[in-house]
Structure formats: C-alpha cells, structure tokens
Amino acid sequence: MQRAMSRTAPLVQLVKRGLRARYVRTFLPFTFLFLVTFQIFDIDPVDFTPLLISQINKKIVLATKFYGYKSWNLTGFASDHSSSLSIFTRLQCPISTCSLYFTPFDPYVTQNLDADAAIFHARDLPSPSSSHPLKQPSQKWVFLTLETPFHTGIPLSEHGSLLELIDWTSTYTSDSDIPALYGKYDKFPTESKDKVHIRKLVDKFMRRKGLVAHLVSNCKTPNNRHRYSNALKRHLLTSSSAANLNFVFGNFGKCTMWHSKPIPCSLTDGSCLKNIAKDYQFLLTFENSLCREYITEKFWWNALQHGLIPIVMGGRKADYEAYAPPNSFIHVDDFNNSTILAEYLIRLSKDPVEIRKYLRWKYQGKATSMIQGTDLNTSPYWCNLCAALHSPHPPKKNDKDIMKWWSVEEQCPDREDIPWMDLQDLQLKLHAADAVIGRPRITGHRPEAAAASQPGQSIEAMALSAGGQQFLFGQ
C-alpha cells in the first residue's frame, strides 16, 4: 500500500503543479486588474472620472458674433468658419474633447438642437424683435461679456425673455459662473534671492529717460479719465522737479491735448510695447469705467508683462490687491489729486530703493495676460468652459436676475470714497460758471498767482487752491 502511494505521489504533485499553473494563467490577470482598479479608486478616484467622461465630445455653438467677428476672431476655424477643434488642444486643456461651431442660432436650424452649450455675446445679441431660438433641456446657455455694463450695448431689459433661459454667466467678475478673467498672478513656491539679478533689473529700469506713457484711443468714457490724465500731464510738463528728465510724458493716441502721437502699431504686438516700454518707467492704465473688479489687458498686458509700473484707475484698490502682484501698481485713489500724484512720480523715478519695491514681485511670482482686447485665442476660458460641460458637478443653473446683476447700479456704484472725484466735479462746475460770466479759465498757472491776479475769484476756487490742487483739469 505504501509502495502504491509512493508511486502515485509524483503524479499528484504533477497534477497540483498543473492546477497552480492553470490558476496563475487564468486568474492572475484578473487579480492584477482588480488590484490596479482598487488602487486607482482608493488613491485618486477624482482623476479617474474625467478620464472616462472626457472621451465624449461636447459641442459648443457660438450663437452670436463677437464684436462683429463671425468666427469670434479665433484662429483654427475651418475655411467656412463652421467649426474649430484646435483651440482646446492648442491651449493644452486638461479636458480638450470639445469643439466650437459658429452657426447663429435659429429656431429652424436643426443642427443646433444637439449642441451642449451656446454662447451669447452681450454686445451682439439679436434684435429684440426677433424670436429667440429653441432651447433643449440638456443645453447650457451662456451669457458672455468682457465689457462693463456701460458698454454692454442694447439695454438688457429688451432681451428679458432670452436672459431668462441663461444657465451660466461669464464676465470678468469673480462671481460669474465661469469667469473670463483678463489676467492672473501665480506666486512661486519660494522667492528668488538672486540679489545681483535684482540689482541689474533696477539699474536697467532707472536708465529709462521717460517718465509716463499714455496709450488711449477711446475718448468718450463714463469716468472722464482724459480729464485726470490731462491734469497730471500739465503738472508734469511744467514742474521744475521734472526738468532733468529727457521726456516726461509720452502721448500715444487721439484723445490727448499735448502733442499726441498715433499709437505706432497694434497693442497686441509684443515688440511694439517693448519699444515703448524701453523708454518709460510708468504707464497710465486708466480703464474706461469705474466698476468693481474691472482690470483689463491695459494692466496685465500693456504694463506688467512689458516691465512698466502701472498707474491704475478702474476697480477699487482692494480689487487690484486681490488679483494683482503685491505692490506692483500705483492707484490714483491713494492721492487727493493729480498734482500730488505727479510729484510722487517724479520723486519715485529718482529713487532706486523705492523702485525696487515695485519690481520685487517679479521674483515672487508670475503675471499672465489671458485676454488681449478682443483676442480670446490664449484665454483659459475655453478650457474652463469645456471642463464645466464634462464635469459631473457643473455650476448650478444661474439664479441671478441678470438685468439687475449686470447693471450700472450693481457693478459700478457711485464711489463716495474717491478723493479726486469731488475735485474733478468742482472743476467742471467752475468751468461752466466761468463760461456763463465770461471769466477767464485758470489753466496752467499756480493758484496763488491766479488768486492774486483775480480779485473776484470765487470762494470755491480759493477752497480748491487751499486744498492743494495746483492745476485745474483741462478740456
């Protein structure tokens, strides 16, 4: 018996080995797949979901023109301006399976019925008298504008029925559902300590012979920014403190009164701005409206990305502090009037220690311009929109009253905290009063001299002089 068992033992062991090998061949791949799947979901389940859903292409329809551009001034469209896939891959969007189509919405255009999203640009909304398109329950309609309510175009109240169907808002403000920001600042993990490089940067900046550059083409603005800039300019050009500067104020554009030169080239051309920046230290980046969080490419592209220190007017100082690099700008609200600002700029331009404080942010982080005027080709907005369409938790449907939310009263409230605004209003009133009684305007002269030569000077004008405003605003 024992001899028989000893003869069968090798056979049993052989069978067991065969079963083990078969088990390994059959079950090991499934075991490995289970373990890998478990690890994926256990370690990083968030990244696994987009990997699955991003394979589904999302169709985005540009339902209106964009500042009159049929293809929204975007590159990569088909020759008939019908579709574009390239922008999502060109921007290297984390989720890029989206496509853009330009086919203006029409109730009878059936190809739009399968669109996942439709974008309506506020400035190019269809005539209020025309019927708005059909909307499918699964579609997301997006209200987009890069301008303030002052420049939205046709009053939104005339588009009430269409606005009620909007799901998401996209503007330059942070409370939009999918913001379309003009720029951003990313802080480095650690600040550079290369003192030699920092010193060279400051030395190069101090060698610039010009003081302030001004680039402007839109002359009629709600905040009358040209009045402030003309007053600032007048003082800089007549100040004895600026006598040793080769050229104090560089005017480019058509809205200024002091020897303006045409803007030499497109401001989206980096080499153009580099040529201007190499001659000047500061740039007026005055927005066309005083509205919250309104900080455009004038700040991000024209100034910061070309090495100029911006002098800003637009959003509140707190808005700039929230978005901009630390200590990277000079806000007009910090000065009671343009005269005090002018004297500060002259002193600052000669002080490398103080200039260094305005340039230090370059070693703490990076500023990026994301929208340049009407150019959305480099904006991460498209990536964010595509990701939102794919997200299992997209932004909730907009519950704002858009007509109220995107109004001058809400976005651009009267600013009682602006020290220089009262002076400007007073000056405008004085000019009007002078015109009525035929009194000569006091422009370009110091107030003490004007008071001595004009015995009939008004109490308001004397109070203005006492307040330190040495030059009245110009035209």
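Multiplying the sequence separation of LYS400 and TYR344 by 0.36 nm and subtracting their Cα-Cα distance, what value in nm do you get?
15.8 nm
So which trypsin sites (Lys or Arg not before Pro) in the stretch 128-205 end up in coil per DSSP with only 14 or fewer other C-beta atoms within 10 Å? Intermediate values should be presented prior to the final figure.
Values: sites: LYS135, LYS140, LYS184, LYS187, LYS193, LYS195, ARG199, LYS200, LYS204; in loops: LYS135, LYS193.
Here the sparse-neighbourhood loop sites are LYS193.
Most exposed first by the Cβ proxy, i.e. fewest other Cβ within 10 Å, how do TRP420, TRP301 rank?
By the 10 Å Cβ count, ascending: TRP420, TRP301.
Output the peptides 306-314, 407-415 sorted from most to least packed, where packing is the average of other Cβ atoms within 10 Å over each peptide's residues.
306-314, 407-415
Within the set of other residues whose C-beta is less than 12 Å from the C-beta of TYR344, count the net charge using Lys and Arg as +1 and Asp and Glu as -1.
Taking every other residue near TYR344 into account, the sum is -2.
Past 18 Å, Cα to Cα: identify those pairs from LYS204/LYS350; LYS187/LYS362; LYS209/LYS357; LYS70/LYS184; LYS209/LYS350, in the order given.
Flagged as over cut-off: LYS209/LYS357; LYS70/LYS184.
Measuring from a point 7 Å past the Cα of ARG199 along Cα-to-C-beta, which residues in the stretch 352-388 have an amide N at less than 15 Å?
Zone members listed by number: 352-353, 356.
Once you place label points 7 Å from the Cα toward the Cβ at ASP351 and SER127, how far apart are they in nm?
Taking the two extended label points, one gets 6.0 nm.
Give the cross-link partners of LYS396 among the lysines, using a straight C-alpha distance below 17 Å as the criterion and excluding same-chain residues fewer than 8 apart.
LYS140
Every number in this text was worked out from the coordinates using simple rules, so none of it is lab data. Because the structure is a prediction, the values reported are computed rather than measured. We place every Cβ from the backbone using ideal geometry, glycine too, and count neighbours over all the protein chains shown.
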